[in-house]
Amino acid sequence: MARKIKLNTVQRKEARKREENYLKDLETRVEEYDPKTANAKFFKDLPISSHTLKGLSEAAFIKLTDIQRESIPLSLKGYDVMGAAKTGSGKTLAFLIPILEKLYRERWTEFDGLGALVISPTRELAMQIYEVLTKIGTHTSLSAGLVIGGKDVKFELDRISRINILVGTPGRILQHMDQAIGLNMSNLQMLVLDEADRCLDMGFKKTLDSIIGNLPPSRQTLLFSATQSNSLSDLARLSLTNYKSVGTKDVATTKGETEPATPKTLQQSYVISELADKLDVLFSFIKSHLKAKIIVFMSSSKQVHFAYETFRKMQPGISLMHLHGRQKQRARTETLDKFSRAQQVCLFATDVVARGIDFPAVDWVLQLDCPEDVDTYIHRVGRSARYGKKGRSLIILTPQEEMFLERLKAKKIEPEKLTIKQAKKKSIKPQLQSLLFQDPELKYLAQKAFISYVKSIYIQKDKEVFQFDKLPTEEYAMSLGLPGAPKIKIKGMKSIERSKELKNSSRKLQALSKADNDGEIRDQTKEVRTKYDKMFGRKNQTVLSEHYMNVTGQQAAPSDDEDDFMTVKRKDHVLNEDELPELSLPSSNRAQRKALSKKASLSTKGNASKTVFDDEGVAHPVYELEGEEDFIKKGDAETQKKAYLEKESEFMNNADSADKALAKEKRQEKKRKRLEAMRREEEGQYSDDEEDDERQVYLGTGNLSDDMHDSDESDAEERPSKRGRFTNTSSDSESDSEDDKYGVTELEEPQTLEDLESLTSRLLQ
Ligand SMILES: Nc1ncnc2c1ncn2[C@@H]1O[C@H](COP(=O)(O)OP(=O)(O)OP(=O)(O)O)[C@@H](O)[C@H]1O
């Protein structure tokens, strides 16, 4: 925010008049601006305010990109805009500049409340947008806030009423709309959906409906993405009735188009490799590109975790990092920051960073696992070759997945075929086997990685590309260093369909990787998981595969769970399941209580199936009939009957009170937990749609620059760092310790793309 100089009344009046005139003039320039004749090349050629221009030039944004040239004038004129442009083409500024301008021209003040809302599908992207906003908006008097899920809801609630521009993820925004009394959307002028097609994907739809339902219909709406997969009815939902399409030809998604939706400066390639050789290819690739900046996309967080932990133990000679949605937010942010600043580094990641994230100067994007569709491919490779820079991509396809090339071809994307030089291909299978043998934790990770990969293939929509029944599971397991494939049972197909509806499509891998740890995909809508199921589930987490048990000679705990994918078969004898009695466990809490209740047990007295053993070990029914002589010896039948009934009734009463006391205790415990949950909720410790445990919130304080400066101050614990990712604030010692942590050596010499290419040719021919 511009620093205010104290003025006297006359000076103030004059300044106000000057500003009024300036604003009127600006309005006229916007109205009269004709994009066709203007032929603008620079931001200064556009009808935008000096505040914004100053912010832009300080951030070194001088020349317009195509999408900015085409869309900004239309947005300034008040049209709804549907903007589609290739990855890295500058869409962020294309929607942020109109926001700043609109609110400036409307003479927006902190008392006018929320004027613009920017929705992003991921936290990382929301943070990035917020950073760009704080950079270019530094000379305006507007306030901005970022809500991406966080602990300190109170902090947010206190300030949210003063926020003019709010950037956030759908779940957290909706939560604020529900809870923050100060958050008044009735005045909202502009709504922006970045990665609009993703925002409209399944999973976000309902949340968005609820958000949009609360916004004034008169607002202006801007949608931006590098891919367009949504139907017009979706757009109509967002009241884009009178909208202008910009750049849609640029991202050819239909047959008639001649240009691919990927950047021209991106050199794309593919290799065919057996599934079991993919990790060898990856390792060899990394070894041949030690001076490059690489992102490797994998299909699940478990694969990322496994590859990261094993590769760093094998020390390929480059810094390794990993990033996925199951990490704590702080770790994710730190990795983003470090990766952005590093020059020679390899990041293993899931699709959580496939969209929108602007990592500077990525040389290579590798896709170890085939993406679910072409759009995901486009976004992944788009992390390289941004803003006209050169970049390269390599997708590793299994022979079964070759059909994916047809899918790409249909959208004019034709990567070049490369083959791997046999001499350069190094097998890491023996190393992986030995690592897993030494470290049970790694074996466990390998099993998890195996299971999540198999699951990820199973749930794919495109069954021609992802052929589940042709998966070479044994070979794949061996390639991870496992002695054999863990058993996997997949059932409850409906639940998969349902989870696809619940989660948006590209999050389905994450959703499924969160499925229970026993390797099963269950129909969670129907199946009632009892305490016993959960208990067995937990127990099985520590049980390794049958094959591993055989190799290490460890005794596996016998499991009662028939559905357990990792059941260890008895070595010494075989049980014929048909001969076993049918076993069942109570399937509901009520049935369990009933089964365990002493009172209920007593009601079944006389049941001859219950036996007791005497000192000689002879079994007797509990209520065995006494001989008549013995009975008469004890006295009169009526008295005996009365005494017996009194004894039984006392026993039942005691049992009853014990049951009641237990039930009361449980009720109190439940109440205590509920109150605890409410207390936590008040403190903002609940979760939102964007999953994960630890959240961060940094809201504007009514002053954009304050937001930036706060980051290094004492409340940094509460409000984590907001440093720009592209400013090098790290000390050498920091990076050293990072290397130590990873146990790898970072080579320091900078390298050109040409050098990289010559290195590459050593591996690829
Ligand atoms: N006019 C400009 N001048 C200089 N650099 C620019 C300009 N516009 C954008 N950039 C830079 O280009 C890079 C890509 O911009 P941006 O992240 O907005 O792309 P995008 O189109 O949103 O990409 P994606 O589709 O992947 O989200 C950023 O580093 C940004 O700073």
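The values are calculated or read from the model by the stated rules, or taken from the named source; none is laboratory data. Given the structure is predicted, the values throughout are model-derived calculations rather than measurements. Using ideal geometry, Cβ is built from the backbone for each residue, glycine included, and neighbour counts are taken over all protein chains shown. For accessibility, only protein heavy atoms count, side chains too; no ligands or nucleic acids. Shrake-Rupley method; radii C 1.70, N 1.55, O 1.52, S 1.80 Å.
Pairing residues of the range 153-167 that are among the acidic types (Asp, Glu) with residues that are at pLDDT below 70, at Cβ distances under 6 Å and at least 6 apart in sequence or on separate chains, gives 156/697; 156/699. Among residues that are at pLDDT 95 or above and within 23 Å of the chain's Cα centre (by Cα), residue 360 is not included. Residue 461 meets the conditions (1) in contact (Cβ under 8 Å) with a residue 60 or more places away in the chain; (2) within 18 Å of residue 286 (Cβ to Cβ) in every case but one. The failed one is (2). The residues of the range 183-207 that are buried (at least 18 other Cβ atoms within 10 Å of the Cβ) and among the small types (Gly, Ala, Ser), listed by number, are 196, 203.
Taking first residues from the range 61-83 that are free of Cβ contacts under 8 Å to residues at least 24 places away in the same chain and partners that are open to solvent by 10 Å² or more (accessible area, probe 1.4 Å) and within 13 Å of the ligand (Cβ to nearest atom), the Cβ contacts under 7 Å between residues at least 6 apart in sequence or on separate chains come to 62/42; 63/41; 63/42. Regarding residue 110, is this residue modelled with pLDDT under 95, within 16 Å of the ligand (Cβ to nearest atom) and charged (D, E, K, R)? No, not satisfied.
Could you tell me whether residue 122 is open to solvent by 10 Å² or more (accessible area, probe 1.4 Å), over 24 Å from residue 213 (Cβ atoms) and either modelled with pLDDT under 95 or not assigned by TED's automatic domain parsing to the domain that holds residue 325 (or both)? When the stated conditions are applied, residue 122 does not pass them. If the condition is being in contact with a Gly (Cβ under 9 Å, 6 or more places away or on another chain), closer than 17 Å to residue 446 by Cβ and of a type in the set (Val, Ile, Thr), then the range 280-328 contributes only 310. Of all residues in the range 387-410, those satisfying the criterion of being closer than 18 Å to residue 266 by Cβ, of a type in the set (D, E, K, R) and within 27 Å of the chain's Cα centre (by Cα) are 392, 407. Looking only at residues of the range 18-69 that are within 13 Å of the ligand (Cβ to nearest atom), among the charged types (D, E, K, R) and assigned to a helix (DSSP H, G or I), we find that the one that is nearest to the chain's Cα centre (by Cα) is 66. For the range 70-102, which positions are open to solvent by less than 10 Å² (accessible area, probe 1.4 Å), more than 14 Å from the ligand (Cβ to nearest atom) and in a loop (DSSP other than H, G, I, E, B)? None - no residue of the range 70-102 is open to solvent by less than 10 Å² (accessible area, probe 1.4 Å), more than 14 Å from the ligand (Cβ to nearest atom) and in a loop (DSSP other than H, G, I, E, B), so the list stays empty. Taken together, 398, 335 contain a single residue that is without any contact (Cβ under 8 Å) to a residue 24 or more places away in the chain and not small (Gly, Ala, Ser), which is 335. Based on what the data block shows, is residue 407 outside the structural domain of residue 89 (by TED's automatic domain parsing) and under 25 Å from residue 287 (Cα atoms)? Answer is no for this residue. Going residue by residue through the range 208-221, is there one that turns out to be surrounded by fewer than 20 Cβ atoms within 10 Å (Cβ to Cβ), of a type in the set (Lys, Arg) and away from the ligand (no atom under 16 Å from the Cβ)? Checked the range 208-221: at least one residue is surrounded by fewer than 20 Cβ atoms within 10 Å (Cβ to Cβ), of a type in the set (Lys, Arg) and away from the ligand (no atom under 16 Å from the Cβ).
Taken over the range 380-397, the criterion of being away from the ligand (no atom under 11 Å from the Cβ) and not in a loop (DSSP other than H, G, I, E, B) is satisfied by 391, 392, 393, 394, 395, 396, 397. Being of a type in the set (Gly, Ala, Ser) and either at pLDDT below 95 or under 16 Å from residue 299 (Cβ atoms) (or both) is a property that does not hold for residue 385. Take residue 414 and tell me if it is of a type in the set (Asp, Glu) and open to solvent by less than 60 Å² (accessible area, probe 1.4 Å). Spelling it out, it is not the case that residue 414 is of a type in the set (Asp, Glu) and open to solvent by less than 60 Å² (accessible area, probe 1.4 Å).
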